[in-house]
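The block underneath contains the structure these notes are about, expressed in structure tokens.
The values are calculated or read from the model by the stated rules, or taken from the named source; none is laboratory data. Everything numeric here is computed off the predicted structure, so don't read it as measured data. Cβ coordinates were reconstructed from backbone atoms using ideal geometry, including for glycine residues, and neighbour counts include every protein chain displayed. Calculation scope for accessible area: heavy atoms of the full protein, side chains included, ligands and nucleic acids excluded. Shrake-Rupley method; radii C 1.70, N 1.55, O 1.52, S 1.80 Å.
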Amino acid sequence: MKHGSPRGLRLLSLAAVAAFALLACGCEDADDDFDHDPPAGLGTLYIDNNTGDDLDVFVDGVRLGGADDYDERFFDLAPGVHRLVLAADDDEDRSYRDDIDILEGRRTIVDVDRDSDDFDRYDVVVYFDD
């Protein structure tokens, strides 16, 4: 049986230890969920849907699509202030409406959760991620 060189085995061992250390430390990039970069001249709206509802996403009165329950969805938009409406596709009473800023070259994250005090409302946090 032929063995590899001691140097080759050491390098292989070091590589395995390094790979294990990266996996074991639980290190992950904070932007892993939001890895889509906006195209030139645009910004990106990210809907991070942490509710049990499928959401319909409307921007400036136009339905852009949906965001499934416990999923993320992104939309590239022109920079500026836009009217955002999120509506549960199975419940006309549960919705969110507000103006949001879309910044060129940036991601506007809309983190949507259920309001723990009022079933008909969403708890929404909006922030920028670059």
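What to note about this one:
- Note that the stretch 47-119 presents 52 Å² accessible area per residue, ligands and nucleic acids not counted, probe 1.4 Å.
- Within the stretch 31-73, backbone nitrogen closer than 12 Å to the virtual label 7 Å beyond the Cα of TYR127 toward Cβ: 31
- Restricting the stretch 34-113 to chymotrypsin sites (Phe, Trp or Tyr not before Pro) that sit in a DSSP loop and have at most 15 other Cβ atoms within 10 Å of their own Cβ leaves TYR70.
- Of the trypsin sites (Lys or Arg not before Pro) in the stretch 89-130, those whose Cβ has at most 14 other Cβ within 10 Å and which sit in DSSP loop: ARG121
- DSSP-loop GluC sites (Glu not before Pro) across the stretch 30-130, with at most 14 other Cβ within 10 angstrom: GLU92, GLU104
- In terms of its Cα atoms, the stretch 40-127 spans 38, 22, 20 Å along the principal axes, sorted from long to short.
- Distant alpha-carbon pairs in the stretch 38-90 (separation over 17 angstrom), percent: 34
- Residues whose amide H lies under 5 Å from that of GLY65, counting only those 5 or more places away or on a different chain, are VAL57; hydrogens are built 1.01 Å from N in the peptide plane.
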